[in-house]
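Here is the structure we will look at, set down as structure tokens.
Bear in mind that the values in this text are calculations on the coordinates, not laboratory data. Quantities reported herein were computed from a predicted structural model and do not represent experimental measurements. Quick reminder, even Gly has a Cβ in these numbers, built from the backbone with ideal geometry, and neighbours come from all protein chains shown.
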Amino acid sequence: VGGDVLVLAEHVDGRVDDSTYELIGKARELAAALDGRVEVAIFGASGPAPSMGGADVVLSVQHASLANYTAEAYERTLLSVVRQREPRLVLLANSTVGLDLGAALSVGWVAPLAAYVVGIALEGAAVVATSQIMGGKVLAEVVLEGDRAVCTVVGGSFPADDGRADGSPPVEEVAPPDLSDLRTAFVALAKSEAGDVDITAADLLVSVGRGIGSEDNIELVQELADALGAPLSASRPVTDSGWLPKSRQVGKSGLKVKPKAYLAFGISGAPEHLEGMRGAELIVACNSDPEAPIFEVAHYGTTKDLFDLVPALTEKLSG
Ligand SMILES: Cc1cc2nc3c(=O)[nH]c(=O)nc-3n(C[C@H](O)[C@H](O)[C@H](O)COP(=O)(O)OP(=O)(O)OC[C@H]3O[C@@H](n4cnc5c(N)ncnc54)[C@H](O)[C@@H]3O)c2cc1C
């Protein structure tokens, strides 16, 4: 059995997702320990991204039915590629795409699957995955028995920079399996309506949680955000209450953000929230409860009352 680690690249509109680089970085570490290679499979794109230098080989599969994601075509193609290559481990993002494909691959390839993975280690020859269960409230260590395994990895678990490298690894064209009898076809990509700010594109986010108390108080943090030139994002209770639009929600059922800095005011740091922002380079938290779990991920924190701190910061910035 070889020690290769195969990563499936995810891309939309020709842009490779950050999660792919996170996986490539981790795959490099694991493949080195397993004496194997990092193989990155990319379906339907015209070629590998210029920053895929971290891969030892790019496996490119081209077919009209792979240009856009459909579960049926991608499942069949991934299984075909994996059967040809027989890697030790397949890494997918724990995204809607990865969750679809991981389960199907596990069944088709007859390999154990760990989903919601936030850590992967090797113990001897065994792959040991750390998985979030109960919505992230409990972490389980799972030993994946046998000589093949599949993991779907939660975004932000590993640094993307480790996997992003210039250079052009050799590209192998791999023939697609028979896709002539597909029962599903891609029709159109429905994007949510533009108009609101894109919090995923911001370098700096001011984020507000239930600690703000009421809709009337949102203005207070909005003023700070304006003074910093940053958009306002929020935890779910704030968007559920309609105090800010849903497009501002960070977390499991909201958006995944990776700003250079994330300032959290009155956010407790529930696992579902952390899932969306733990990849931020710098996290600063203001929460009056010193036991709040947000402080476990924050680089800097204060237990000051946000109603004292926020206006003082705004004044300082505007003054
Ligand atoms: C399936 C599922 C999906 C979910 N998806 C998401 C998601 O996408 N995003 C998300 O955010 N949540 C999500 N949640 C909800 C999540 O579990 C938490 O309930 C939510 O994140 C809590 O939001 P919060 O931190 O704003 O509120 P709370 O947990 O109520 O925390 C408010 C915090 O404010 C602090 N505070 C109060 N007053 C002040 C003050 N004056 N100054 C400073 N601090 C103060 C308190 O100490 C407290 O820690 C999801 C839950 C489930 C089950």
Once fully extended, how much extra length lies between Ser253 and Ala126, figured as 0.36 nm per residue of separation less the alpha-carbon to alpha-carbon distance?
42.4 nm
Mark the label point 7 Å from the Cα of Ala64 along Cα→Cβ and return the residues of the stretch 8-51 whose backbone N is within less than 18 Å of it.
44-46
How do Tyr262, Tyr116, Tyr21 rank when sorted from fewest to most other Cβ atoms within 10 Å of their own Cβ?
Tyr116, Tyr21, Tyr262
Row for the stretch 74-157, column shape: gyration tensor on C-alpha, a ≥ b ≥ c, rounded if a/c < 1.5 i.e. under 1.5, prolate if a/b over b/c, else oblate; value oblate
Dipole in debye (nearest 20) - the stretch 58-209, about Cα centre, beta carbon charges: Lys, Arg +1; Asp, Glu -1
300 debye
If unit charges are put on Cβ atoms (+1 for Lys and Arg, -1 for Asp and Glu) and the dipole of the chain is taken about its Cα centre, the option from Ala31, Val58, Ala126 lying farthest towards the positive end turns out to be Ala126
Cα-Cα over 31 Å: which of Lys191/Lys304; Lys191/Lys316; Lys258/Lys304; Lys246/Lys304?
Lys191/Lys304; Lys191/Lys316
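Is the shape of the stretch 207-319 best called rounded, prolate or oblate, per the rule: a/c under 1.5 gives rounded, else a/b larger than b/c gives prolate, else oblate, with a ≥ b ≥ c the square roots of the Cα gyration tensor eigenvalues?
rounded
Within 10 Å of each residue's Cβ, count the other Cβ atoms and sort Val174, Val154 from fewest upward.
Ordered by Cβ neighbours within 10 Å, fewest first: Val174, Val154.
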Share, in percent, of DSSP beta bridges within the chain that are antiparallel, nearest 5:
25 percent
With point charges of +1 on the Cβ of Lys and Arg and -1 on the Cβ of Asp and Glu, referenced to the Cα centre of the chain, which listed residue (Ala104, Ala312, Leu228) lies farthest in the positive direction of the dipole?
Ala104
How many nm is it between the label spots at Glu72 and Ala140, if each spot is 7 Å from the Cα in line with the beta carbon?
3.2 nm
Quick check: from the Cα gyration tensor, does the stretch 1-100 come out rounded (a/c under 1.5), prolate or oblate?
prolate
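So if I place +1 on the C-beta of Lys and Arg and -1 on the C-beta of Asp and Glu, and nothing else carries charge, what would the dipole magnitude of the stretch 14-67 be about its Cα centre? I want it in debye, nearest 20.
Working: 4 positive and 7 negative charges, 24 e Å.
Once rounded to the nearest 20, the dipole reads 120 debye.
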Looking at the chain as a GNM with Cα springs under 10 Å, which of Glu29, Glu173, Glu296 has the largest mean-square fluctuation?
Glu296
Check: the chain dipole with +1 on Lys, Arg Cβ and -1 on Asp, Glu Cβ, in debye:
280 debye
Given charges at Cβ of Lys, Arg, Asp, Glu: the chain dipole, positive-most of Ser180, Ala264, Ser168:
Ser180
May I ask you to work out the translational diffusion coefficient for the chain at 4 °C, viscosity 1.567 mPa s, via Stokes-Einstein with Rh from the Kirkwood sum over Cα pairs, reported in whole µm²/s?
62 µm²/s
Per the helix-only calculation at 222 nm, which mean residue ellipticity applies to the chain, given -39500 (n - 2.57) for every DSSP H run of n ≥ 4 and division by its residues, nearest 500 deg cm²/dmol?
-8000 deg cm²/dmol
When Lys and Arg each count +1 and Asp and Glu each count -1, what net charge do the other residues less than 13 Å away from Tyr74, Cβ to Cβ, add up to?
-3
Going highest first, how would you order 124-137, 63-76, 4-17, 273-286 by mean Cβ packing within 10 Å?
273-286, 4-17, 63-76, 124-137
